[in-house]
1. Answer yes if at least one residue in region 138-161 is surrounded by 10 or more Cβ atoms within 10 Å (Cβ to Cβ), in the same structural domain as residue 85 (by TED's automatic domain parsing) and under 14 Å from residue 51 (Cβ atoms), and no otherwise.
2. Mind checking whether some residue in region 110-127 is in the same structural domain as residue 64 (by TED's automatic domain parsing) and at pLDDT below 85?
3. Please determine, by comparing only the residues of region 84-119 that are polar (S, T, N, Q) and in a strand (DSSP E or B), which one is surrounded by the fewest Cβ atoms within 10 Å (Cβ to Cβ).
4. Scan region 70-79 and give yes if some residue there is more than 19 Å from residue 59 (Cα to Cα), outside any loop (DSSP other than H, G, I, E, B) and either charged (D, E, K, R) or touching a Lys or Arg at 6+ places or on another chain (Cβ under 9 Å) (or both), otherwise no.
5. Residues 97, 113: which one is touching a helix residue (DSSP H, G or I) at 6+ places or on another chain (Cβ under 6 Å) and of a type in the set (A, V, I, L, M)?
Amino acid sequence: MFATLPRTADPFHGNRASIPSLTCPGALHQRSRRPFMAWALSCLALGGCVTSHVIVGKVRPAISPSQVQLYLHPPSGKYEEIAILDTSSKHSFSITAQGKTDAVIDRLKSEAAKLGANGILLNNVGDQAVGSVGTGVVTGAGGGHASVGVGVSTTGTVFQKSGNGVAIYVEPGTP
């Protein structure tokens, strides 16, 4: 009189009916969402990494980024190289070229400060092409045995600023 539902082995919930609508309705949804959430968080974490460094000297206690000075030429006195720095304006929400440059300099100073460097020997700040944006419009007309079409498109390159330098510790009293 009553039909018995076939049972399946489920490592997460034990034996249960094989018809998903008769089982714990949220369990299947929760399990399928977990890998996506882990992937999304990983992308956010990795996407946020826009500054990197390679240690080449002695790391010192962290200081405030406001104490880090920029140098276009090596200081005349004694200094030690701490790390090679590399960054970009990615994820800075800056639109203007100056805003992007400021973001690069701020990120270099912040990274240098974390390593205890009180100076950055700036190597380069420049534009880096990271993609393009395009759009197009096509229109056509036809009748009988003839047709005519016209198309117009435009593209633009998207740039971000990138910069690199050497984090240095300049001995106090050095000009």
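1. Yes, region 138-161 contains a residue that is surrounded by 10 or more Cβ atoms within 10 Å (Cβ to Cβ), in the same structural domain as residue 85 (by TED's automatic domain parsing) and under 14 Å from residue 51 (Cβ atoms).
2. Yes: one or more hits.
3. Here the answer is 88.
4. no
5. Values: 97 fails: touching a helix residue (DSSP H, G or I) at 6+ places or on another chain (Cβ under 6 Å).
Going through 97, 113 in turn, the sole match is 113.
The values are calculated or read from the model by the stated rules, or taken from the named source; none is laboratory data. These figures come from a predicted structure and were not determined experimentally. Every residue, glycine as well, gets a Cβ built from its backbone with ideal geometry; the counts of neighbours run over all protein chains shown.
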